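Peer 1: Got a structure for you, questions after.
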Amino acid sequence: MGGHRRVLSGTLCLLLAAASGLLGSRDRALRSDGRRLLGEVGMAAAPADLAIGTLASGDLALSFAVSTALSELAPEGDAAGAAAQLGRDTRPMLGETVRLAASYVSIRPASAYGRLLLGQAGQALWDLAGGQSTQSAEAWRRAFEGARSAAPGFDMVATTEAATYLAAWPRLTAADREQAMNVIAEGLRTREGARRLFPDAWRKLGTASLRLLPNAPDVLAESAEWLRAVGQTGAASALESRRPR
């Protein structure tokens, strides 16, 4: 009996060691992918190594790399403007960003943040490619739907999705814009959402953006203040008149 226990114990130790080795190998591979992506977008090797090396796990390091890449390749969803400023074709880098974001989602399928990154990266690549691919458009929309399902009612999900739809607005079809209006309205329901989104909503939608704002005093005040600052006093007064007395 004791011999059997020793055999089982030894087998278990071997299995645990093998599993640990596999996890360590995956962790190193994920960190390596993150470093490579940061290098491609222009981060110097030493800061990239420091950032990637200090994070607790390879999947967190990967999500950090994807997020950092997006801030360079598509700030506020403007992939075309970033490509022009960088002076190079950023589609290969965005393609790699999409691939690594999808890899992160496969590792952490319940992560709303991972799906947000995948949606943002997918939309940026779709937009830079001319917005012609229906399949690509469906992919980034499904990523946002997954984020909403993973974290219902989470403000960060709503504002990020709304910001992405606003960035995509010029390339959306009429039917897609109807859906986008609902998404944007959801993103505008808080003061922080209005602070982040309303200026772009006004630029893209004009007076139609006013109808998307809820009758929440703080949201109306935030939006009216911005309108007055840019000389849109009539629109600002219209919002102020909606505030409860």
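Peer 1: Considering only the stretch 91-125, state which residues are assigned to a loop (DSSP other than H, G, I, E, B) and either among the small types (Gly, Ala, Ser) or surrounded by 24 or more Cβ atoms within 10 Å (Cβ to Cβ) (or both).
Peer 2: Across the stretch 91-125, the qualifying residues are 110, 111.
Peer 1: How many of the residues in the stretch 39-57 are at pLDDT 80 or above and among the acidic types (Asp, Glu)?
Peer 2: Qualifying residue count, the stretch 39-57: 1.
Peer 1: Select, from 202, 169, the only residue that is outside the structural domain of residue 120 (by TED's automatic domain parsing) and at pLDDT below 95.
Peer 2: That would be 169, the only listed residue that is outside the structural domain of residue 120 (by TED's automatic domain parsing) and at pLDDT below 95.
Peer 1: Something else now. In the stretch 64-81, which residues are surrounded by fewer than 21 Cβ atoms within 10 Å (Cβ to Cβ) and closer than 17 Å to residue 43 by Cβ?
Peer 2: Taking the stretch 64-81 as the starting set, the residues that turn out to be surrounded by fewer than 21 Cβ atoms within 10 Å (Cβ to Cβ) are 64, 67-68, 71-72, 75-76, 78, 80-81.
Passing the criteria: 64, 67, 68, 71, 72, 75.
Peer 1: Are any residues in the stretch 153-201 assigned to a helix (DSSP H, G or I), under 17 Å from the mean Cα position of the chain (by Cα) and aromatic (Phe, Trp, Tyr), and if so, which ones?
Peer 2: Listed by number, the residues that qualify are 165, 169.
The values are calculated or read from the model by the stated rules, or taken from the named source; none is laboratory data. Quick caveat: nothing in here was measured; it's all calculated off a predicted structure. Reconstructed Cβ throughout: ideal geometry from the backbone, glycine too, with neighbour counts over all protein chains shown.
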